[in-house]
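To start, the structure itself, in structure tokens.
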Amino acid sequence: MTSKLGVCLLITVWFCWGFSYPSTKLMLESIDVWTGRTIIMGIAGMMLLGLAALLGRSIRIPRNQWRDLAIAALCNMTIFQIGMTLGVHYFSAGRTVVIVYTMPLWAMLFAWPLLAEKPSILRLGALGLGLCGLAVLMSQDFVGMRDAAFGALCTLVGAIAFGLGTVWMKRTSWQSDPTAIAGWQLILGTLPVLPFWWLWGAETDWSAVSGASWAGLLFNIIIANVLAYFAWFRVIAIFPASVSGLGTLAVPIVGVLASAAVLGEVVGWREITALGLIVAALGLNLRSTVSAPPK
């Protein structure tokens, strides 16, 4: 029964995060990047804390862990979520999700100095494949397309930050409930965004916001953040890391296909080749984790 529940939760995560990219594009039709992301992160964070309390879990974070939580929040939420949203806005939803899921490869590099995890030959091979995929995706002619180049760069910075944040989370023996940790990360990650929202956020006429944008906003709050994080932490609890790691293999595939189906984005040879190389890199990285001797 537990395994069946875990499979259902894992599939839920794939679709929650895969469809978050086209839903973000729909949201941005009527709501600007800074307003949308501030609302999503702030409300989702409060909902996760409320959910943890409703389930009888403590939302308290020990005083000595706030510093690490704040650093992880800056990487995992502030930089990543803004970088990803700018990527969807200026580049494309399908290409953004492919770049984002180079994240485990950057995490591997950060784990070397921060966790003393020296990469194996398999992991270095995975990094090479991933970089080749990234090069293929970003090999298009950006002349006269400064916005697209900017979006691709923002996405890459977000993916690298997410990798660093993932490793930073592993440096700490967390004593709090995972749902509460996710909620606090979202709230802390919202704080640095507020000055940018104040300076650059557009004045939104909420009565003129399209139905598609409302749907995208609500999807990102309830499905892509609250439900996805709630399900993901339970997947980790049910399955070994080698199984739950398969989630990173499926999300970019779902994201590319969802963006093509929902937004009509064209999936060309660059997208297919880059997706294949990056998924192969993630698979090789996962295999090296499974085959690594226990410490």
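Data overview
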quantity	calculated
Estimated 222 nm signal from helices in the chain, with DSSP H stretches of n ≥ 4 weighted -39500 (n - 2.57), rounded to 500	-23000 deg cm²/dmol
Chain lengthening between THR273 and SER210 when straightened (0.36 nm per residue, less Cα-Cα)	19.2 nm
For region 2-291, with +1 on Lys and Arg beta carbons and -1 on Asp and Glu, the positive-most of MET169, LEU9, MET46 along the dipole	MET169
Within region 168-196: backbone nitrogen closer than 11 Å to the SER58 label point (7 Å, Cα to C-beta)	175-177
Choice from ILE82, ILE221, ILE121 showing the highest fluctuation, given a GNM over the chain with Cα pairs closer than 10 Å	ILE121
Among [x] 0.95; [y] 1.06; [z] 0.99, the entry derived from the coordinates for Rg/Rh (Cα atoms, Kirkwood Rh)	[x]
GNM result for the chain, Cα springs below 10 Å: residue of MET46, MET145, MET103 fluctuating most strongly	MET145
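Quick note: the coordinates plus some simple rules give every number you see, no bench work behind them. Note that this is a predicted model, so its numbers are computed, not measured. Cβ sites come from the backbone with ideal geometry, for glycine too, and all protein chains shown count toward neighbours.
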